[in-house]
Amino acid sequence: GRVYEGKVYTGLCNWYEKWDRLTLSQRKGLNHRYHLGCGCKIRPCYYLPCFATSKNECIWTDMLSNFGHSGYQAKHYACIQRVEGYCSWYRGWAPPDKTIINATDP
């Protein structure tokens, strides 16, 4: 997404949410984290098995449970670029450690 004239615009069609209804993780993502994933692509997973086809992809599994943009992963994680260009999901309050890839997070 992007910010234009003080408003946030996302590329996720038909998703609109008021700021006060976003989770703390989503607010932190918009303010501090999502820009770390500009080189990443999010690949939705509709059925198992799902695999990333390149190092700059994060697999979005919320689609498996039919929750989509309102699922746990969308509400609490950010896809960010890690070491050597690899992208993975990040959740947490501290700034991401760019020397470690945690492949266990969804």
Taking the stretch 48-69 and keeping only residues that are modelled with pLDDT under 85, open to solvent by 50 Å² or more (accessible area, probe 1.4 Å) and touching a helix residue (DSSP H, G or I) at 6+ places or on another chain (Cβ under 8 Å), one is left with 67, 69
Picked from the stretch 32-47 (must be assigned to a loop (DSSP other than H, G, I, E, B) and more than 18 Å from residue 73 (Cβ to Cβ)), the residue modelled with the highest pLDDT is 39
Checking 29, 11 in turn, the sole residue that is more than 13 Å from residue 87 (Cα to Cα), within 11 Å of the chain's Cα centre (by Cα) and either modelled with pLDDT under 85 or of a type in the set (Ser, Thr, Tyr) (or both) turns out to be 29
Across the stretch 92-106, the tally of residues that are under 16 Å from residue 32 (Cα atoms) and either modelled with pLDDT of 85 or more or open to solvent by less than 80 Å² (accessible area, probe 1.4 Å) (or both) stands at 4
Across (1) farther than 21 Å from residue 21 by Cα; (2) surrounded by 14 or more Cβ atoms within 10 Å (Cβ to Cβ); (3) modelled with pLDDT under 90, residue 74 clears everything bar (1)
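The values are calculated or read from the model by the stated rules, or taken from the named source; none is laboratory data. This one's a predicted model, so the numbers in the text were calculated from it and none came from an experiment. Note: ideal-geometry Cβ built from the backbone for every residue, glycine included; neighbour counts use all protein chains shown. Ligands, DNA and RNA are excluded from the accessible area calculation, which covers all protein heavy atoms including side chains. Shrake-Rupley method; radii C 1.70, N 1.55, O 1.52, S 1.80 Å.
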